[in-house]
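Visitor: Pasting a structure below so you can have a look.
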């Protein structure tokens, strides 16, 4: 509970913090409040951050992150394969010359 109280006193919040902000605050907490070895904290946070797949660069880890360790990944288009199938298919419907219903005929459900 001490960490949450400390975080509240420092930031005025315990939510709406980015993962990068949490890494930075946690490193400060572990150094300043818990008296943990700074080199060990740095290594553990770095290992955990890299394993998470996060792509940003927290201030506390910026100097330790290897080049290219946090690449910005481009996500494939959602539904790309299905869209490509529709684009490759010949057009159907009124645009393809399929006659529409006679406008003079009333349609009821």
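Visitor: Among the residues of region 1-20, which ones are over 15 Å from residue 64 (Cβ atoms), surrounded by 11 or more Cβ atoms within 10 Å (Cβ to Cβ) and touching a residue at least 12 places away in the same chain (Cβ under 8 Å)? Give the steps one after another, and end with the answer.
Guide: Here is the first cut: in region 1-20, the residues over 15 Å from residue 64 (Cβ atoms) are 1-19.
Within this subset, residues satisfying the condition of being surrounded by 11 or more Cβ atoms within 10 Å (Cβ to Cβ) are 3, 6-8, 10-11, 14, 17-19.
Result: 3, 6, 7, 10, 11, 18, 19.
Visitor: Quickly run through region 23-37 and pick out the residues that are part of a helix (DSSP H, G or I) and either touching a residue at least 40 places away in the same chain (Cβ under 8 Å) or surrounded by 13 or more Cβ atoms within 10 Å (Cβ to Cβ) (or both). Steps first, please.
Guide: Taking region 23-37 as the starting set, the residues that turn out to be part of a helix (DSSP H, G or I) are 23-32.
Those that are part of a helix (DSSP H, G or I) and either touching a residue at least 40 places away in the same chain (Cβ under 8 Å) or surrounded by 13 or more Cβ atoms within 10 Å (Cβ to Cβ) (or both): 23, 24, 25, 26, 27, 28, 29, 30, 31.
Visitor: Considering each residue of region 12-30, count those that are more than 13 Å from residue 61 (Cβ to Cβ) and under 23 Å from the mean Cα position of the chain (by Cα), and give that number.
Guide: Final tally of qualifying residues: 6.
Visitor: Consider residue 45 carefully, then state whether it is touching a helix residue (DSSP H, G or I) at 6+ places or on another chain (Cβ under 7 Å), closer than 16 Å to residue 64 by Cα, surrounded by 13 or more Cβ atoms within 10 Å (Cβ to Cβ) and free of Cβ contacts under 8 Å to residues at least 24 places away in the same chain.
Guide: On the way: touching a helix residue (DSSP H, G or I) at 6+ places or on another chain (Cβ under 7 Å): yes; closer than 16 Å to residue 64 by Cα: yes; surrounded by 13 or more Cβ atoms within 10 Å (Cβ to Cβ): yes; free of Cβ contacts under 8 Å to residues at least 24 places away in the same chain: yes.
Yes, satisfied.
Taken together, the values in this text are just the output of simple stated rules run on the coordinates, not laboratory data. All of these numbers come straight from a predicted model, not from anything done at the bench. Every residue, glycine among them, receives a Cβ derived from its backbone with ideal geometry; neighbour counts consider all protein chains shown.
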